[in-house]
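The values are calculated or read from the model by the stated rules, or taken from the named source; none is laboratory data. Not measured: the values here are computed from a predicted model. Cβ: placed from backbone, ideal geometry, glycine included. Neighbour counts: every protein chain shown. Side chains included, ligands, DNA and RNA excluded: accessible areas come from the protein's heavy atoms. Shrake-Rupley method; radii C 1.70, N 1.55, O 1.52, S 1.80 Å.
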Amino acid sequence: MSWGTELWDQFDNLEKHTQWGIDILEKYIKFVKERTEIELSYAKQLRNLSKKYQPKKNSKEEEEYKYTACKAFLSTLNEMNDYAGQHEVISENMTSQITVDLTRYVQELKQERKSNFHDGRKAQQHIETCWKQLESSKRRFERDCKEADRAQQYFEKMDADINVTKADVEKARQQAQIRQQMAEDSKADYSLILQRFNQEQWEYYHTHIPNIFQKIQEMEERRIVRIGESMKTYAEVDRQVIPIIGKCLDGIVKAAESIDQKNDSQLVVEAYKSGFEPPGDIEFEDYTQPMKRTVSDNSLSSSKEGKPELRFGGKSKGKLWPFIKKNKLSLKLGVTPEDFSNFPPEQRRKKLQQKVDDLNREIQKETDQRDAITKMKDVYLKNPQMGDPASLDQKLTEVTQNIEKLRLEAQKFEAWLAEVEGRLPARSEQARRQSGLYDGQTHQTVTNCAQDRESPDGSYTEEQSQESEHKALAPDFDDEFDDEEPLPAIGTCKALYTFEGQNEGTISVVEGETLSVIEEDKGDGWTRIRRNEDEEGYVPTSYVEVYLDKNAKGS
């Protein structure tokens, strides 16, 4: 099956068909280009999605990624980022292996097609020229034959006419012979041109056109093969990244399987454990004894006249300092002491340990820098042409000073850390009295923490004490004073509204009641008041009208 023999007379249709084939190829190239753009856009969206949900550095969100579930989610985000990279690979490979290659091939195909059809048109023009020559020769032969016939008839007419002179007859005879000879020459020329045309025509239809059409057919078949190979490449480019995409998905599955709910639960304990012991049982208070009642050291609340009332300070102060209202308000203000004493013991230990580790890293960094400068200075001393050793002295001094400052800072935090971990000797009796209770039931050291009311940041202190098994519980002491004497009144106040003190450290008041002020509002919205000699606590400043004594010494 050959176009040259089967389609010898379909030159124009073949020209249209081959142009259509090139259009199809260009359409396929456009399709692949749009696919690569989609892949790039998809990869970009995946990367942006992964970036959007990445935890921000040095933020609380980043700290949350210590949990296995969060780590698995982070691994998923990273795998999706790699997944997006594979779609970028698809786009790049399709562009280089299909789009660029086919675009170059289309240009070559257009040039080849143009050349083949140019040769075809040239062959057509040549055969048309031969045909015109044949027609011209044929017409000339026909004309010469007619003129020779007329000349012969004229000669015969003149020869039969007796009135015509002999000279005219001879002239007519010569003219007839000339015309006859011209007819013979035209016949011979026509015959030669006809033979040559037939030869050209045979070569045109049996040699030139078949060869040209065969080239066009081969060109078209190569185009078809090429587009088929490109389609295979199109699929292969996708197939090549499937194993890597599979690994990304396997990574996500592996990350999901690594989630450990027990480990996460333990991390929650480590993150929020305070280190305090739960409150003990409330002691029985015997109303039949004619003695002043004292609230249990381990009591969460006390009662007066059948009405529950939380007390703070003096002998009625409770131990559950983490729930004291003022402390919560102070924490909301964002004021954190340098020694992290506003944190529970366990959390404070972790904060101090982290600070010590950070300072040690800074010290190591500065030490490495000092060693590098020292080495450079030694090189300058040995090779003065490389630099002036004295130029490094100032920098070396600064680094040394920084190291000393960091070491002092680290020692300070290490001392606090040792204090928290119980590695330092117990502090003075007076300091222990400030920090909590003496517990002597089991000869075991108990860490007691109370809030320092004088500290605007709501800080806490820790102490250890050992007492005899049979020694009674010592009375609580107010955090703000070194002795057991109650705070002096600095004025009075009148309750504008009834306030039910439900939290540790607060006290309930009734509208219109007059009480003593022992500590004015320090900016946290609470005023410390006293009722009688053994009931005191905090009430919202907006609930009372305060009348301060100008001659009294303030808290």
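I'd like to verify a number: residues in the stretch 1-15 that are in a loop (DSSP other than H, G, I, E, B) and of a type in the set (Ser, Thr, Tyr), how many?
1
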Condition test on residue 116, is it touching a residue at least 40 places away in the same chain (Cβ under 8 Å), buried (at least 16 other Cβ atoms within 10 Å of the Cβ), closer than 16 Å to residue 222 by Cβ and of a type outside the set (A, V, I, L, M)?
yes
All positions within the stretch 1-50 that are exposed (fewer than 12 other Cβ atoms within 10 Å of the Cβ), within 46 Å of the chain's Cα centre (by Cα) and of a type in the set (Lys, Arg)
27, 30
Does residue 281 count as closer than 28 Å to residue 528 by Cα and modelled with pLDDT of 85 or more?
yes
Take residue 207 and decide whether it is under 30 Å from residue 28 (Cα atoms), part of a helix (DSSP H, G or I) and polar (S, T, N, Q).
no
Can you work out which of the residues in the stretch 51-69 that are of a type in the set (Ser, Thr, Tyr) and in contact (Cβ under 8 Å) with a residue 24 or more places away in the chain is surrounded by the most Cβ atoms within 10 Å (Cβ to Cβ)?
67
Among the residues of the stretch 494-517, count how many are within 14 Å of residue 548 (Cβ to Cβ) and in contact (Cβ under 8 Å) with a residue 40 or more places away in the chain.
1
Test for residue 72: is it under 30 Å from residue 214 (Cβ atoms), assigned to a helix (DSSP H, G or I) and among the aliphatic types (A, V, I, L, M)
no
Do we find a residue being in contact with a helix residue (DSSP H, G or I) (Cβ under 7 Å, 6 or more places away or on another chain), farther than 30 Å from residue 501 by Cα, among the polar types (S, T, N, Q) and modelled with pLDDT under 95 anywhere in the stretch 256-265?
yes
Write out, first by first residue and then by second, each pair whose Cβ atoms fall under 9 Å of each other, whose residues are 6+ apart or on separate chains, and whose first residue, in the stretch 238-261, is open to solvent by 60 Å² or more (accessible area, probe 1.4 Å) while the second is outside any helix (DSSP H, G or I).
259/67
Please tell me if residue 169 is more than 30 Å from residue 96 (Cα to Cα), out of contact with any Phe, Trp or Tyr (no Cβ under 6 Å at 6 or more places or on another chain) and not in a helix (DSSP H, G or I).
no
Give, as residue ranges, the strands (runs of 3 or more DSSP E) completely inside the stretch 444-548 that count at least 3 residues that are at pLDDT below 50 and within 29 Å of residue 337 (Cβ to Cβ).
448-451, 460-463
Quick check on residue 190: is it in contact with a helix residue (DSSP H, G or I) (Cβ under 6 Å, 6 or more places away or on another chain), open to solvent by 70 Å² or more (accessible area, probe 1.4 Å) and of a type in the set (Ser, Thr, Tyr)?
no
Quick check on the stretch 78-97. Is at least one of its residues open to solvent by 60 Å² or more (accessible area, probe 1.4 Å), over 16 Å from the mean Cα position of the chain (by Cα) and closer than 27 Å to residue 18 by Cα?
yes
